[in-house]
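Q: This is the structure, below, for whatever I ask next.
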Amino acid sequence: MNTRRKVLSAAIAGLAIPAVMLLAQGPAGAQDGSALQKKCMGCHGDAAPAAIKGPSLKGVFGKSVAADKAYAYSDGLKAKASQKWTQQNLDAFLADPNTWAPGTKMKGKAADPAERAAIIESLKTLK
Ligand code: HEC
């Protein structure tokens with residue numbers, strides 16, 4: 001390898017490392033490997049296919065149920081619109097969506113109470 005190529009490859013390596021680090025970090029909170037990310041954002045994230053896409057979960061903690069005007073909710077969830085997404089309501093809904101809101105089209109579930117609690121904590125951070 002001649003000197004010019006050595007200098008060039010050192011320069012490329014110097015550029016490539018910060019780029020890889022940026023990619024690995026990703027957008028804050030979005031790719032953090034949390035249970036919310038793994039079990040929920042496949043439907044609630046921006047990349048979800050239209051057929052399964054759920055409403056945005058941004059700011060959902062404390063908000064009224066079925067309150068996103070841009071989203072076509074099921075009648076099952078709309079029937080709960082007088083309630084708010086409190087800790088207790090989220091816990092019951094995520095344990096078994098169809099028991100809490102019969103007829104909902106929400107398919108995500110977290111049967112394990114500890115995992116549910118972690119998911120609800122993550123939801124609180126989606127502002
Ligand atoms: C298979 C797709 C799918 C998965 C997975 C999924 N959801 Fe949903 N979610 C939906 C759909 C569709 C709705 C709309 C339900 C309706 O209108 O009945 C919804 C509604 C909701 C709502 C009500 C939002 C509002 O605006 O009132 C919350 C909260 C919610 N999901 C949380 C979660 C959480 C937390 C997870 C992970 C445990 C999850 N979802 C996983 C599809 C999904």
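What follows draws every value from the coordinates through simple rules; no lab data is involved. Fair warning: this is a prediction, and the values are worked out from it, not measured in the lab. We place every Cβ from the backbone using ideal geometry, glycine too, and count neighbours over all the protein chains shown.
Q: Which of the residues belonging to the range 94-112 are of a type in the set (Gly, Ala, Ser) and either surrounded by fewer than 15 Cβ atoms within 10 Å (Cβ to Cβ) or within 9 Å of the ligand (Cβ to nearest atom) (or both)?
A: First, pick out the residues of the range 94-112 that are of a type in the set (Gly, Ala, Ser): 95, 101, 103, 108, 110-111.
Listed by number, the residues that qualify are 101, 103, 108, 110, 111.
Q: Is the range 36-50 home to any residue that is assigned to a loop (DSSP other than H, G, I, E, B), more than 10 Å from the ligand (Cβ to nearest atom), loosely packed, with under 14 Cβ neighbours inside 10 Å and in contact (Cβ under 8 Å) with a residue 12 or more places away in the chain?
A: No, there is no match, as no residue in the range 36-50 is assigned to a loop (DSSP other than H, G, I, E, B), more than 10 Å from the ligand (Cβ to nearest atom), loosely packed, with under 14 Cβ neighbours inside 10 Å and in contact (Cβ under 8 Å) with a residue 12 or more places away in the chain.
Q: Output the residues belonging to the range 71-93 that are assigned to a loop (DSSP other than H, G, I, E, B) and more than 10 Å from the ligand (Cβ to nearest atom).
A: 82, 86, listed by residue number.
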